[in-house]
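Comments concern the structure below.
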């Protein structure tokens with residue numbers, strides 16, 4: 001009867017932990033980059049430092065943690081063992097090395113294809129192919145049918161499409177293989193990456209974990225299904241119209257409308273879970289996650305605002321787009337990752353240290369492996385940094401943006417201390 | 001507690017099982033309503049426990065099972081302990097005791 005239990009399916013601690021460690025380091029590096037290049041974010045042009053930070057955040061921080069967390073959560077969501085740990089290690093090595101070359105290439109970016117782009121891009125594509133194969137083969141081997149699984153499988157496919165498009169943009173800029181509008185292609189690359197990869201994956205995993213953590217049994221699966229159809233319809237339309245030279249505005253608006261409607265379905269699902277929860281008191285991990293969802297709402301509103309245009313909002317060119325991206329990548333994704341770190345990492349460390357001694361000796365609980373006080377401190381500093389960034393960008397206040405960057409750096413350091421405490425936890429028994 | 005008509009000895013077993021927490025929610029498995037049945041047979045020296053989990057994919061599921069097994073073997077060394085994981089009836093949050101609900105919200 002115990003075949004479905006996920007501890008038996010759990011991956012090795014050595015597969016999951018390096019992702020969290022490297023993710024925390026990337027988060028810190030991104031913050032240092034922003035502190036030293038904060039003025040670049042007030043410029044309309046996509047400069048080298050901005051592109052570097054964006055890729056450190058989306059690949060080194062968000063994707064890295066998602067890889068690690070997903071390897072741990074696959075047994076929970078799909079009730080099977082990960083197909084291959086070797087593929088996971090190889091994928092990690094490719095992602096880290098590729099990211100190093102890619103960031104180096106962006107720092108010296110002059111709209112030309114350099115060797116660093118080719119090496120970095122190829123390594124990242126290789127890493128993503130291995131990841132996607134690993135996830136899809138695992139998913140196919142799982143008899144469990146659920147909407148969560150469907151979201152995860154779709155997100156893996158979109159992730160591959162995202163990195164292929166990214167490399168194609170850089171190649172096409174140099175060799176003009178296809179007569180495409182690069183700004184439109186870049187937008188599609190960003191939409192498929194942010195919505196197709198990150199959002200679909202987050203919805204897939206969160207729709208399973210949120211009810212589990214908040215102790216809710218009956219959930220609105222219908223909202224998740226509608227969300228899946230709407231978001232995918234929006235993404236597919238955006239992808240297809242990329243290859244047309246003239247795109248009527250209403251098609252673009254309709255596609256984003258479909259995506260936003262799908263996101264609203266997901267928010268309604270979460271609201272329903274939240275309002276029916278048995279566990280009324282939220283721990284710090286769930287509080288941070290809740291903050292992330294609030295940021296998603298603000299992010300949606302700011303994306304809607306992009307259709308009014310910056311001049312109508314009294315903003316410099318490109319500013320509302322940067323604010324929207326910031327609220328999504330830094331506000332939503334980072335808030336959720338900070339919170340879910342405390343719902344995933346302590347467990348695999350705890351299982352590694354105490355699985356064999358529970359019952360024989362009194363052990364700490366997973367919640368004892370990190371400092372709740374530190375987690376609360378970086379919750380506040382994270383919130384402060386988001387508010388400062390948004391205010392600084394909206395009102396073009398350099399000093400406020402710098403203070404936001406400093407608050408972000410402080411957040412990464414405090415979060416890093418907690419990650420260190422968890423990863424390097426020494427086995428202890430309570431008398 | 002779901003089980004009715006339990007003996008005084010079986011009630012003691014429930015008290016022992018209250019030392020087993022769900023590591024995620026930090027509430028003991030008895031108050032979470034995860035223990036469905038305890039049968040202590042003094043003649044055959046067997047101790048059977050039927051338990052469930054809040055979800056089949058519970059990340060710490062078999063650690064909880066192992067915790068139950070070990071703690072009962074330590075407390076009842078003369079008994080053969082058999083922990084059976086069952087999925088029927090399906091656990092629902094309504095099975096959480098009043099004490100459990102208080103813990104969850106404190």
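The values are calculated or read from the model by the stated rules, or taken from the named source; none is laboratory data. Remember, predicted model here, so these are calculated numbers, not experimental data. Cβ coordinates were reconstructed from backbone atoms using ideal geometry, including for glycine residues, and neighbour counts include every protein chain displayed.
Residues of the stretch A:271-319 that are more than 14 Å from chain B (Cβ to nearest Cβ), surrounded by 13 or more Cβ atoms within 10 Å (Cβ to Cβ) and in a loop (DSSP other than H, G, I, E, B): A:315, A:316, A:318. The listed residues are B:30, B:38, and the only one of them that is touching a strand residue (DSSP E or B) at 6+ places or on another chain (Cβ under 7 Å), crowded, with 22+ Cβ neighbours inside 10 Å and more than 12 Å from chain A (Cβ to nearest Cβ) turns out to be B:38.
Criterion first (over 16 Å from the mean Cα position of the chain (by Cα), modelled with pLDDT under 90 and part of a helix (DSSP H, G or I)) does residue A:75 satisfy it?
For residue A:75, the condition - over 16 Å from the mean Cα position of the chain (by Cα), modelled with pLDDT under 90 and part of a helix (DSSP H, G or I) - is met.
Pairs meeting the criteria (first residue in the stretch A:257-269 and in a helix (DSSP H, G or I), second residue modelled with pLDDT under 95 and surrounded by fewer than 17 Cβ atoms within 10 Å (Cβ to Cβ), beta carbons under 8 Å, at least 6 apart or on different chains) are A:260/A:304; A:267/A:297. Of the listed requirements (1) touching a residue at least 40 places away in the same chain (Cβ under 8 Å); (2) over 22 Å from residue A:356 (Cα atoms); (3) surrounded by fewer than 22 Cβ atoms within 10 Å (Cβ to Cβ), residue B:16 misses just one: (2). Does the stretch B:64-88 hold any residues that are in contact (Cβ under 8 Å) with a residue 12 or more places away in the chain and more than 8 Å from chain A (Cβ to nearest Cβ), and which are they? Hits for the stretch B:64-88 are B:64, B:72, B:75, B:76, B:78, B:79, B:80, B:81, B:82, B:83. Given the structure, is residue A:374 crowded, with 23+ Cβ neighbours inside 10 Å, more than 10 Å from chain B (Cβ to nearest Cβ) and in a helix (DSSP H, G or I)? The answer is no for residue A:374.
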